[in-house]
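Input: a single structure, listed below in structure tokens.
The values are calculated or read from the model by the stated rules, or taken from the named source; none is laboratory data. If you're wondering where the values come from, they're calculated on a predicted model, not measured in any experiment. All Cβ positions, glycine included, derive from the backbone under ideal geometry; neighbour counts span all protein chains shown. All accessible areas refer to the heavy atoms of the entire protein, side chains included, with ligands and DNA or RNA removed. Shrake-Rupley method; radii C 1.70, N 1.55, O 1.52, S 1.80 Å.
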Amino acid sequence: MLIWSEVSWIPNKHYSGIYGLMKLVLTKTLPANLERVIVLDTDITFATDIAELWAVFHKFKGQQVLGLVENQSDWYLGNLWKNHRPWPALGRGYNTGVILLLLDKLRKMKWEQMWRLTAERELMGMLSTSLADQDIFNAVIKQNPFLVYQLPCFWNVQLSDHTRSEQCYRDVSDLKVIHWNSPKKLRVKNKHVEFFRNLYLTFLEYDGNLLRRELFGCPSEADVNSENLQKQLSELDEDDLCYEFRRERFTVHRTHLYFLHYEYEPVSDNTDVTLVAQLSMDRLQMLEAICKHWEGPISLALYLSDAEAQQFLRYAQGSEVLMSRHNVAYHIVYKEGQFYPVNLLRNVAMKHVGTPYMFLSDIDFLPMYGLYEYLRKSVIQLDLANTKKAMIVPAFETLRYRLSFPKSKAELLSMLDMGTLFTFRYHVWTKGHAPTNFAKWRTATTPYRVEWEADFEPYVVVRRDCPEYDRRFVGFGWNKVAHIMELDAQEYEFIVLPNAYMIHMPHAPSFDITKFRSNKQYRICLKTLKEEFQQDMSRRYGFAALKYLTAENNS
């Protein structure tokens, strides 16, 4: 906030608002021991190795502390329209989309004082800036031309209207940096704009994991976490038939938190609940429906490739429903490896919940209308703040792609009786939800307690401090079962809510469930991981955990 106040006094008409002035205070905001830095606008596309630009610092001489490209429009010449009055500039002025800064020298020159005095003087006549920091930089340079080392213009080919950008290259292959500095961005007019646009889109869809490889062998300091990870990986037996499963647990995925704008205003009574789920591209169609059923905050982890992330961005921006919701946090985990890291995704979504309670759901379920408010009331009724409870939301399913969603428990019971709805996984995996005791739920009017049984995997509402999911379980099978088992081991009470429900919507089977059904080795490895998890539980929770082995043997 202190840095913010350094520039908030400057009247500014630029569409980037106050952020467009922050380059002026980099000598203060960046570490004092940082000597030089390249500053780039976010609408820049690099078409070469940035190391080439870094090498230009060696060409600075004397008091040159700023590396800039000349402005390629006529803006600072002041002849674009009648009464056009730009800030003072040296000739055509300079564009600040790409800047090389010698921070140590700027600090010695008292840069803060220099730009501030210039801005105060010019604002007496200009009243505000039109191009934010660029106007002030140019006014300073007009007074002190010796500060600038002029970069060749291919280091900042500016694609705003009325520019001379085509004079910067004989052939598009000569380009170094493309700057989409028009408010129109990709819709700007230019002879080569299709080439530039395709180049930009290619970068967006590039597999970012390739950039993590040590292509150039750059030296880096030893990282303790990285060393531990390498040690754990080296201890795995590559001849183990389940090696790929085990390795997945140690994969470090690139993650982009809060991919879209997120705002959350905490409710004053500390009862707020966030719906938590994870998904891949093939479940994207569920997002709008869930937003219509659940008005509270949502935390989602999306497993996408770089190209799919851009498709998701276009999808979200084209959806009135999604764009109208600012309390949905989208966290992208980028694809790597051959398994769907379901529990890692759940943990990412859980870790970034800002409410006291979480509803641990799945993306292919629609919560009943009004569930958000009902859960908040139940949090108070069952004193979740001071007790270890997991509130169960009973799960049902339909085999119909078009369903008239029940608006009440009575309507849902009627649909159960008619065969429009079923208890979840009734046909294929009864054990997963049988302990919910649906027969009792039909007539229940108050919450009731149920006991843990083998393979129980209900959908629950818990406090934010509940244990994470176990990362060894990837793809299909045992991922939720293991989590519920750990809740039970930590002595959580399982309480079924009498007036809550959620409905699973039909969809094509996932790639992982298909692998589970068709690949015997997949099933063998899952069984092995399951046994190892139970052994870990015994070590962690002692005698109390023996019941899980007994229950498994009897089931």
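Name the residues in the stretch 106-117 that are open to solvent by 10 Å² or more (accessible area, probe 1.4 Å), in contact with a helix residue (DSSP H, G or I) (Cβ under 8 Å, 6 or more places away or on another chain) and either free of Cβ contacts under 8 Å to residues at least 40 places away in the same chain or within 25 Å of Leu77 (Cβ to Cβ) (or both), would you?
Selection gives Met114 alone.
Anything in the stretch 37-63 that is within 19 Å of Ile141 (Cβ to Cβ), part of a loop (DSSP other than H, G, I, E, B) and open to solvent by 40 Å² or more (accessible area, probe 1.4 Å)? List them, or say none.
The answer is Asp41, Lys61, Gly62, Gln63.
Need the failing condition index for Ile141 against (1) within 30 Å of Gln167 (Cα to Cα); (2) open to solvent by 10 Å² or more (accessible area, probe 1.4 Å); (3) hydrophobic (A, V, I, L, M, F, W, C), just the number.
Ile141 satisfies all of (1) within 30 Å of Gln167 (Cα to Cα); (2) open to solvent by 10 Å² or more (accessible area, probe 1.4 Å); (3) hydrophobic (A, V, I, L, M, F, W, C) except (2).
Looking at the stretch 420-444, which of its residues are open to solvent by less than 30 Å² (accessible area, probe 1.4 Å) and either more than 35 Å from the chain's Cα centre (by Cα) or touching a residue at least 60 places away in the same chain (Cβ under 8 Å) (or both)?
The answer is Thr420, Leu421, Phe424, Pro435, Thr436, Trp441, Ala444.
Hey, does the stretch 91-105 have a residue that's more than 27 Å from Ile3 (Cβ to Cβ), in a loop (DSSP other than H, G, I, E, B) and either in contact with a strand residue (DSSP E or B) (Cβ under 6 Å, 6 or more places away or on another chain) or open to solvent by less than 40 Å² (accessible area, probe 1.4 Å) (or both)?
Within the stretch 91-105, one or more residues are more than 27 Å from Ile3 (Cβ to Cβ), in a loop (DSSP other than H, G, I, E, B) and either in contact with a strand residue (DSSP E or B) (Cβ under 6 Å, 6 or more places away or on another chain) or open to solvent by less than 40 Å² (accessible area, probe 1.4 Å) (or both).
I need the full set of residues from the stretch 387-403 which are of a type outside the set (A, V, I, L, M, F, W, C) and either assigned to a loop (DSSP other than H, G, I, E, B) or in contact with an Asp or Glu (Cβ under 9 Å, 6 or more places away or on another chain) (or both), in order please.
Of everything in the stretch 387-403, those that are of a type outside the set (A, V, I, L, M, F, W, C) and either assigned to a loop (DSSP other than H, G, I, E, B) or in contact with an Asp or Glu (Cβ under 9 Å, 6 or more places away or on another chain) (or both) turn out to be Thr387, Lys388, Lys389, Pro394, Thr398, Arg400, Tyr401, Arg402.
Pick out the one residue from Leu344, Leu360, Leu412 that is closer than 18 Å to Thr271 by Cβ and among the hydrophobic types (A, V, I, L, M, F, W, C).
Leu360
May I ask you to list pairs of residues, at least six apart or on different chains, whose Cβ atoms are under 7 Å apart, with the first in the stretch 375-395 being open to solvent by 10 Å² or more (accessible area, probe 1.4 Å) and the second being of a type in the set (A, V, I, L, M)?
Arg376/Val273; Leu382/Met391; Leu382/Ile495; Lys389/Leu382; Lys389/Ile495
Please name all residue pairs, on different chains or six or more residues apart, with Cβ atoms under 9 Å, provided the first residue is in the stretch 44-58 and is touching a residue at least 12 places away in the same chain (Cβ under 8 Å) and under 18 Å from Leu102 (Cβ atoms) and the second residue is among the small types (Gly, Ala, Ser) and surrounded by 15 or more Cβ atoms within 10 Å (Cβ to Cβ).
Leu53/Gly67; Val56/Gly67; Phe57/Gly67
Out of the residues in the stretch 511-548 that are of a type in the set (D, E, K, R) and open to solvent by 60 Å² or more (accessible area, probe 1.4 Å), which is farthest from Arg249 (Cα to Cα)?
Lys547
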